[in-house]
Structures are given as C-alpha cells and as structure tokens.
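Take a look at the structure set out below.
The values are calculated or read from the model by the stated rules, or taken from the named source; none is laboratory data. Quantities reported herein were computed from a predicted structural model and do not represent experimental measurements. Every residue, glycine among them, receives a Cβ derived from its backbone with ideal geometry; neighbour counts consider all protein chains shown.
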Amino acid sequence: MVVVYRQRNKINKARKRSDELLLNILPAEVAEELKEKGSADAKQFNEVTVMFTDFKGFTQISEKLTPTELVAEIHTCFKAFDHIIGKYNIEKIKTIGDAYMAAGGLPVANSTNATDVVNAAIEIQQFMQQHLQQRRNENKELFEIRIGVHTGPVVAGIVGVKKFAYDIWGDTVNIASRMESSGEAGKVNISGSTYELVKGKFNCTHRGKIQAKNKGEVDMYFVEPG
C-alpha cells in the first residue's frame, strides 16, 4: 500500500511539473486544448493589440559588452517586462534577439486590450527610465527602447511539433512592428486604430501621417506619461 502511494505521489508530482512547464510555454486555454485533443486549432481574433519593443543601437552596444554582461542585461529587462505584462493580462508571444513581442485580447477576447497594452507599454518605459538612470550612475552602457503598438485582427495558433510555440500572424503584426521602428527611444508610439480605442484615457500627441516601411503613410501618436 505504501509503495502504491509513493508511486502515485511520484506520478502526480511529475504531472504537475509537466503542466507547469506547458503553462510556461503556452497560454492556459491553449495548453488545456492541447492536452485534451492533442492539438490546438488556429483562431481568428478581430481585435488584438500587439506591442513590440526594441533596444536602440543594440548592435553597437553589444560590441562593448561581454556575452555574459549582454545576456544578463537582456534578462533583467525582459524579466521586468514579463512581470509588467502579467499585471495587465497580456500574453507574451516571443522574443527575437533584443526584440520583445506581446499581445492583449487573446487567447480570450476582451474589450480592454488596447488600454491594457498601452498601460503596460507606459510602465515598461518607466522601468527603463529608472534602469537607465541606474546604469548611468554606474557608468555602464545605456539601454533605451522604442515601443510600438497597433490594434487589429490576427490569427493565433501553435506552430511546429518540436519546441512548438504559440504565435500570431497578420498585417496587424507587421504594422505594430512598423510602429516600433518608426518611434523614438523612450516613447510609446501607437497607431491611429489604437488611438481611437484609448483616446480620452491617455494624453496623446498626434505626430501626423508618418511614412512606415511598406505600409505608406500611417497616423501615429505618442502617448505621453500622465
């Protein structure tokens, strides 16, 4: 009887550990679907707010740091970003080098995703300002980021069978990336579509129609800290 109990206990611990690892990779709803069906269906979302962050002059800065220092710095920043988006019910999608991508409004649709993501973006910039001052006081290389935000439809799902990942596709992702690259360090740059959903909740400065690579002229706004 004792042996059976110990075996069950080991199995339960292994299952719990497996579930924790899965939830660290996939959203809870997608992980449950994957466990039940062995697959997860791609889904269309009509309104998702996508955020991209990117470090200014990262290549030049990275050449001045040791690999250990560089990885430690990225980890410090991304760990803080993870904590911030967790507060606002935002899903981390992936990191690509020094770029960080997240989205609100999925895997469960909601009507607050634009506000949630803009709030998170502002808080991320506030963290980076504090972190920048700390590094300046320590005479270390300075890291600043641009943040871009755009709202629109996406398709979301799991890709691959090895090291699979939850990802999103669509023009919304491309435009969000353009919002980041067309922004400025220390600023949160949002598109006209996001602005229409958050105006009145934040102080926004219209930048006019800005040329975005492969997208023509796009209305852009800087969100000013309240």
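Worth pointing out:
- Inside segment 182-211, residues that are closer than 17 Å to Ala99 by Cβ and crowded, with 17+ Cβ neighbours inside 10 Å make up a count of 6.
- Arg178 meets each of the listed conditions (1) modelled with pLDDT under 95; (2) surrounded by 22 or more Cβ atoms within 10 Å (Cβ to Cβ); (3) in contact with a Phe, Trp or Tyr (Cβ under 8 Å, 6 or more places away or on another chain) apart from (3).
Rundown of residues vs (1) at pLDDT 95 or above; (2) in a loop (DSSP other than H, G, I, E, B), yes/no style:
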{"position": "Thr151", "(1), (2)": "yes, no"}
{"position": "Val155", "(1), (2)": "yes, no"}
{"position": "Asp167", "(1), (2)": "no, no"}
{"position": "Glu184", "(1), (2)": "no, yes"}
{"position": "Leu197", "(1), (2)": "yes, no"}
{"position": "Lys209", "(1), (2)": "no, no"}
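- Listed here are the helices (runs of 4 or more DSSP H) enclosed by segment 17-108 that have at least 3 residues being at pLDDT 75 or above: 58-62, 67-87.
- When Asp54, Asp82, Asp98 are checked against the criterion of being of a type in the set (D, E, K, R), without any contact (Cβ under 8 Å) to a residue 24 or more places away in the chain, under 22 Å from Ala121 (Cβ atoms) and assigned by TED's automatic domain parsing to the domain that holds Ser181, a single residue qualifies: Asp82.
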